[in-house]
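**Student:** Sharing a structure with you now.
The values are calculated or read from the model by the stated rules, or taken from the named source; none is laboratory data. Note that the structure is predicted; figures quoted are calculated from it, not measured. All Cβ positions, even for glycine, are placed from backbone atoms using ideal geometry, and neighbour counts span all protein chains on display.
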Amino acid sequence: MKGRVAALFMSVLLLLYIVLVGWRAVLFIGTGEPVAVGIGVALLVLPLIGIWALVREVQFGLRTERLVKMLDAAGALPAEELTVRASGRPVRDEADADFPRFQAEVDAAPNDWASWFRLGLAYDAAGDRKRARQAIRTAISLEQAKRRAA
(Lines give C-alpha, C1' and ligand atoms only; values in the text may rest on other atoms or scores of the structure.)
Protein backbone atom coordinates (compact mmCIF):
# COMPACT_ATOMS: atom_id res chain seq x y z
CA MET A 1 0.00 0.00 0.00
CA LYS A 2 2.91 2.38 0.75
CA GLY A 3 4.21 1.85 -2.77
CA ARG A 4 0.86 2.73 -4.31
CA VAL A 5 0.59 5.93 -2.24
CA ALA A 6 4.16 6.89 -3.15
CA ALA A 7 3.47 6.25 -6.85
CA LEU A 8 0.30 8.35 -6.68
CA PHE A 9 2.16 11.17 -4.93
CA MET A 10 4.97 11.12 -7.49
CA SER A 11 2.44 11.03 -10.33
CA VAL A 12 0.68 14.10 -8.96
CA LEU A 13 4.01 15.91 -8.64
CA LEU A 14 4.95 14.96 -12.19
CA LEU A 15 1.61 16.15 -13.52
CA LEU A 16 2.01 19.46 -11.66
CA TYR A 17 5.48 19.83 -13.15
CA ILE A 18 4.14 19.06 -16.63
CA VAL A 19 1.41 21.70 -16.30
CA LEU A 20 3.89 24.32 -15.11
CA VAL A 21 6.42 23.52 -17.84
CA GLY A 22 3.63 23.46 -20.43
CA TRP A 23 2.45 26.90 -19.33
CA ARG A 24 6.01 28.23 -19.52
CA ALA A 25 6.32 26.74 -23.02
CA VAL A 26 3.19 28.60 -24.15
CA LEU A 27 4.64 31.83 -22.78
CA PHE A 28 7.93 31.26 -24.64
CA ILE A 29 6.13 30.51 -27.91
CA GLY A 30 3.93 33.58 -27.41
CA THR A 31 6.93 35.91 -27.56
CA GLY A 32 7.43 35.21 -31.26
CA GLU A 33 11.22 35.36 -30.97
CA PRO A 34 12.87 32.43 -32.81
CA VAL A 35 15.05 31.28 -29.91
CA ALA A 36 12.18 31.57 -27.42
CA VAL A 37 9.84 29.68 -29.80
CA GLY A 38 12.46 26.92 -30.10
CA ILE A 39 12.72 26.69 -26.33
CA GLY A 40 8.94 26.67 -26.06
CA VAL A 41 8.61 23.81 -28.55
CA ALA A 42 11.27 21.83 -26.69
CA LEU A 43 9.45 22.47 -23.43
CA LEU A 44 6.25 21.10 -24.98
CA VAL A 45 8.00 17.93 -26.14
CA LEU A 46 9.49 17.16 -22.71
CA PRO A 47 6.11 17.04 -20.93
CA LEU A 48 4.76 14.73 -23.64
CA ILE A 49 7.66 12.37 -23.01
CA GLY A 50 6.97 12.63 -19.27
CA ILE A 51 3.29 11.78 -19.75
CA TRP A 52 4.19 8.82 -21.96
CA ALA A 53 6.68 7.53 -19.37
CA LEU A 54 4.18 8.00 -16.53
CA VAL A 55 1.46 6.09 -18.39
CA ARG A 56 3.88 3.24 -19.20
CA GLU A 57 5.03 2.95 -15.58
CA VAL A 58 1.49 2.99 -14.20
CA GLN A 59 0.44 0.32 -16.71
CA PHE A 60 3.46 -1.80 -15.77
CA GLY A 61 2.64 -1.45 -12.08
CA LEU A 62 -1.03 -2.34 -12.51
CA ARG A 63 -0.27 -5.34 -14.71
CA THR A 64 2.41 -6.54 -12.31
CA GLU A 65 0.06 -6.18 -9.37
CA ARG A 66 -2.57 -8.21 -11.22
CA LEU A 67 -0.09 -11.03 -11.84
CA VAL A 68 1.00 -11.01 -8.18
CA LYS A 69 -2.64 -11.39 -7.11
CA MET A 70 -3.14 -14.26 -9.56
CA LEU A 71 -0.03 -16.07 -8.33
CA ASP A 72 -0.95 -15.45 -4.72
CA ALA A 73 -4.46 -16.82 -5.25
CA ALA A 74 -2.96 -19.93 -6.85
CA GLY A 75 -0.43 -20.29 -4.02
CA ALA A 76 2.36 -20.03 -6.61
CA LEU A 77 4.34 -17.09 -5.24
CA PRO A 78 7.81 -18.10 -4.08
CA ALA A 79 8.20 -18.22 -0.30
CA GLU A 80 10.22 -15.38 1.17
CA GLU A 81 13.06 -17.42 2.65
CA LEU A 82 15.91 -14.96 2.11
CA THR A 83 17.51 -13.00 4.92
CA VAL A 84 16.84 -9.30 4.48
CA ARG A 85 18.89 -6.29 5.49
CA ALA A 86 17.52 -3.44 7.59
CA SER A 87 16.61 -1.70 4.31
CA GLY A 88 14.31 -4.60 3.41
CA ARG A 89 16.47 -5.76 0.50
CA PRO A 90 17.56 -9.42 0.45
CA VAL A 91 21.16 -10.39 1.16
CA ARG A 92 22.70 -10.58 -2.30
CA ASP A 93 24.68 -13.80 -1.82
CA GLU A 94 21.58 -15.69 -0.72
CA ALA A 95 19.57 -14.29 -3.63
CA ASP A 96 22.31 -15.25 -6.08
CA ALA A 97 22.39 -18.80 -4.69
CA ASP A 98 18.59 -19.09 -5.02
CA PHE A 99 18.54 -17.78 -8.62
CA PRO A 100 19.41 -20.98 -10.62
CA ARG A 101 16.21 -22.67 -9.43
CA PHE A 102 14.07 -20.00 -11.08
CA GLN A 103 16.21 -19.93 -14.23
CA ALA A 104 15.79 -23.72 -14.57
CA GLU A 105 12.03 -23.31 -14.18
CA VAL A 106 11.95 -20.90 -17.14
CA ASP A 107 14.26 -23.13 -19.19
CA ALA A 108 11.86 -26.05 -18.60
CA ALA A 109 8.73 -24.02 -19.47
CA PRO A 110 9.67 -20.98 -21.57
CA ASN A 111 6.03 -20.10 -22.36
CA ASP A 112 4.82 -20.17 -18.75
CA TRP A 113 4.17 -16.62 -17.59
CA ALA A 114 4.30 -17.62 -13.91
CA SER A 115 7.83 -19.01 -14.32
CA TRP A 116 8.95 -15.78 -15.97
CA PHE A 117 7.36 -13.74 -13.20
CA ARG A 118 9.13 -15.73 -10.49
CA LEU A 119 12.39 -15.32 -12.45
CA GLY A 120 11.77 -11.56 -12.44
CA LEU A 121 11.37 -11.65 -8.67
CA ALA A 122 14.63 -13.60 -8.41
CA TYR A 123 16.44 -11.05 -10.58
CA ASP A 124 15.07 -8.27 -8.40
CA ALA A 125 16.21 -10.02 -5.22
CA ALA A 126 19.67 -10.40 -6.78
CA GLY A 127 19.75 -6.66 -7.47
CA ASP A 128 19.45 -6.84 -11.27
CA ARG A 129 16.53 -4.47 -11.81
CA LYS A 130 16.93 -4.24 -15.59
CA ARG A 131 16.61 -8.00 -16.11
CA ALA A 132 13.89 -8.18 -13.45
CA ARG A 133 11.72 -5.71 -15.35
CA GLN A 134 12.39 -7.48 -18.65
CA ALA A 135 11.42 -10.87 -17.19
CA ILE A 136 8.26 -9.40 -15.70
CA ARG A 137 7.43 -7.73 -19.03
CA THR A 138 7.82 -11.14 -20.67
CA ALA A 139 5.48 -12.62 -18.05
CA ILE A 140 2.91 -9.89 -18.72
CA SER A 141 3.09 -10.50 -22.48
CA LEU A 142 2.76 -14.28 -22.09
CA GLU A 143 -0.18 -13.95 -19.71
CA GLN A 144 -1.96 -11.49 -22.02
CA ALA A 145 -1.40 -13.81 -25.00
CA LYS A 146 -2.77 -16.73 -22.97
CA ARG A 147 -5.84 -14.69 -21.97
CA ARG A 148 -6.48 -13.65 -25.59
CA ALA A 149 -6.18 -17.26 -26.78
CA ALA A 150 -8.70 -18.51 -24.21
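**Student:** Note down all Cβ pairs under 9 Å where the first residue falls in segment 111-135 and is at positive phi, the second is buried (at least 16 other Cβ atoms within 10 Å of the Cβ) and in a helix (DSSP H, G or I), and they're at least six residues apart or on different chains.
**Tutor:** Once the first residue is at positive phi and sits in segment 111-135, its partners that are buried (at least 16 other Cβ atoms within 10 Å of the Cβ) and in a helix (DSSP H, G or I) give 127/95.
**Student:** List the number of the failed condition for residue 99; all other conditions in (1) in contact with a Phe, Trp or Tyr (Cβ under 8 Å, 6 or more places away or on another chain); (2) crowded, with 17+ Cβ neighbours inside 10 Å; (3) modelled with pLDDT under 95; (4) not assigned by TED's automatic domain parsing to the domain that holds residue 7 hold.
**Tutor:** Answer for residue 99: the failing condition is (2).
**Student:** Any chance segment 102-118 includes a residue that's within 21 Å of residue 3 (Cα to Cα) and not assigned by TED's automatic domain parsing to the domain that holds residue 15? Walk me through it before giving the result.
**Tutor:** In the first step, residues of segment 102-118 are kept if they are within 21 Å of residue 3 (Cα to Cα); the result is 117-118.
Now narrow it down to the ones that are not assigned by TED's automatic domain parsing to the domain that holds residue 15: 117-118.
The answer is yes, given that some residue of segment 102-118 is within 21 Å of residue 3 (Cα to Cα) and not assigned by TED's automatic domain parsing to the domain that holds residue 15.
**Student:** In contact with a Leu (Cβ under 7 Å, 6 or more places away or on another chain), modelled with pLDDT under 90 and β-branched (Val, Ile, Thr): which single residue out of 106, 91 fits that description?
**Tutor:** On the way: 106 fails: modelled with pLDDT under 90.
On inspection, the qualifying residue turns out to be 91.
**Student:** Let me ask another. Considering only residues that are at pLDDT 95 or above and more than 20 Å from residue 72 (Cβ to Cβ), look in segment 109-130 and name the one that is surrounded by the fewest Cβ atoms within 10 Å (Cβ to Cβ).
**Tutor:** If we take residues in segment 109-130 being at pLDDT 95 or above and more than 20 Å from residue 72 (Cβ to Cβ), then 130 is surrounded by the fewest Cβ atoms within 10 Å (Cβ to Cβ).
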